[in-house]
Amino acid sequence: MRKYNKKELLKRNNMDERVKPIIAGASEDMEGAIMFLDDALAHIRAGKANPRIVDGVRVDYYGSMVPISNVANISTPDAKTIQIQAWEKNMIPVIEKALINSEIGIMPVNNGEVIRLCMPPLTEERRRQLVKTANSAGEEAKVSIRNARREAIDKLKKEQKNGLPEDVEKDSEGEVQKVHDKFIKKVDELLAAKEKEIMTI
């Protein structure tokens, strides 16, 4: 292994300072893709009650459009039911209307005190469709992760033209690849868990 003198080591450390933000930036972008995927998967209705299903529904609260969670307590008393308890009674019909007009596709049941969403059983065909939707979201996440890797490598090559030693550039590319592989594995894990959840009757 080649030994570096003090001056060379100092130079290499300065080079590392140019490389670190590139790798950190790529890692941040990849993390963002995972968070986006996690959110997308939470909104795929898998036959099991999940409060996050209503995350995207907004209600009119004194002129402001706010998430249901801002005006009510959302719970899952059992595996098939989402229960919404409005903090103000006058909000019950407003929440009910918002749910009916949303893309959730479940008819709310309102007893005047609480609103319940009962998850309908999924057909085999619907389950397969949902798995496809999940996989498609996973593929989008992988594309974002690959793009982040490519951008980072392009930046490293640019730094090499500006004097970054070739071995440092190559080592850094290896680091970017490792980060990429870690996040791709995370996508596969999220998809496998979601598929299991969808296909479990």
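Being surrounded by 16 or more Cβ atoms within 10 Å (Cβ to Cβ), within 19 Å of H43 (Cα to Cα) and not aromatic (F, W, Y) holds for only one residue in I100, I92, I106, and it is I106. Within region 130-175, the set of residues being open to solvent by 40 Å² or more (accessible area, probe 1.4 Å) and hydroxyl-bearing (S, T, Y) comprises T133, S136, S144. A count restricted to region 53-73 and to residues that are under 23 Å from A40 (Cα atoms) and assigned to a strand (DSSP E or B) stands at 7. Hey, any hits in region 176-199 for a residue that's open to solvent by 30 Å² or more (accessible area, probe 1.4 Å), touching a His at 6+ places or on another chain (Cβ under 9 Å) and assigned to a helix (DSSP H, G or I)? For region 176-199, residues open to solvent by 30 Å² or more (accessible area, probe 1.4 Å), touching a His at 6+ places or on another chain (Cβ under 9 Å) and assigned to a helix (DSSP H, G or I): absent. Looking only at region 116-153, residues that are of a type in the set (V, I, T), out of contact with any His (no Cβ under 9 Å at 6 or more places or on another chain) and either within 14 Å of F183 (Cα to Cα) or part of a strand (DSSP E or B) (or both) come to 1 in all. Annotation note: Cβ proximity below 9 Å between a residue of region 97-111 that is of a type in the set (S, T, Y) and at pLDDT 85 or above and a residue that is surrounded by 13 or more Cβ atoms within 10 Å (Cβ to Cβ) and part of a loop (DSSP other than H, G, I, E, B) (sequence gap 6+ or interchain) occurs for S102/G56; S102/V57.
Scan region 70-86 and give yes if some residue there is over 30 Å from A193 (Cα atoms), open to solvent by 40 Å² or more (accessible area, probe 1.4 Å) and among the hydroxyl-bearing types (S, T, Y), otherwise no. Looking for residues that are over 30 Å from A193 (Cα atoms), open to solvent by 40 Å² or more (accessible area, probe 1.4 Å) and among the hydroxyl-bearing types (S, T, Y), one finds none in region 70-86, hence no. Remark: pairs (first residue in region 143-169, under 9 Å from A26 (Cα atoms); second residue assigned to a loop (DSSP other than H, G, I, E, B) and of a type in the set (F, W, Y); Cβ separation under 6 Å; 6+ apart in sequence or on different chains) are absent. A Cβ distance below 7 Å, combined with a sequence gap of six or more or placement on separate chains, defines the contacts here; from region 64-93, residues that are without any contact (Cβ under 8 Å) to a residue 24 or more places away in the chain reach residues that are surrounded by 14 or more Cβ atoms within 10 Å (Cβ to Cβ) and among the acidic types (D, E) in the pairs P67/D55.
Examine region 74-92 for a residue that is charged (D, E, K, R), in contact with a strand residue (DSSP E or B) (Cβ under 7 Å, 6 or more places away or on another chain) and not in a loop (DSSP other than H, G, I, E, B), and state whether such a residue exists. No, region 74-92 has no match at all. Considering only residues of region 118-129 that are open to solvent by 30 Å² or more (accessible area, probe 1.4 Å) and not β-branched (V, I, T), which is nearest to S75 (Cα to Cα)? Here the answer is C118.
The values are calculated or read from the model by the stated rules, or taken from the named source; none is laboratory data. Everything numeric here is computed off the predicted structure, so don't read it as measured data. For neighbour counting, all protein chains shown are included, and Cβ atoms are generated from backbone atoms with ideal geometry for every residue, glycine included. Protein only, heavy atoms only, side chains kept; ligands, DNA and RNA dropped before computing areas. Shrake-Rupley method; radii C 1.70, N 1.55, O 1.52, S 1.80 Å.
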